[in-house]
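The values are calculated or read from the model by the stated rules, or taken from the named source; none is laboratory data. Predicted, not measured: the structure shown is a model, and the values here were computed from it. Glycine also receives a Cβ, built like all others from the backbone with ideal geometry; neighbour counts cover every protein chain displayed. Surface accessibility is based on the protein's heavy atoms, side chains included, excluding ligands, DNA and RNA. Shrake-Rupley method; radii C 1.70, N 1.55, O 1.52, S 1.80 Å.
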Amino acid sequence: MAKLSELVEKIDSVAQEGNRKKALLMLDKLLEKVPGNRQLLSRKAKYEKEYNYEKRIISLEEKYGIASE
């Protein structure tokens, strides 16, 4: 199994690429194996917040007809 730090780096890179949903799924899988890890829980909360903002922006763009690029 890969080191925890390597997995966290991979999750961070996925999130930085803009795929927060995938990063959240990866974090959930990792939290199943390492439950209660504070760093992972705080990352998950951060990415959930960013993902919710992203979904909100997309829905507002659709509502007002603004094309995102």
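Given the structure, is Tyr64 of a type in the set (Ser, Thr, Tyr) and open to solvent by less than 60 Å² (accessible area, probe 1.4 Å)?
Numbers: of a type in the set (Ser, Thr, Tyr): yes; open to solvent by less than 60 Å² (accessible area, probe 1.4 Å): no.
Here the answer is no, as Tyr64 does not meet what is asked.
What is the number of the single condition among (1) assigned to a loop (DSSP other than H, G, I, E, B); (2) surrounded by 11 or more Cβ atoms within 10 Å (Cβ to Cβ) that Gly36 does not meet?
Failing condition for Gly36: (2).
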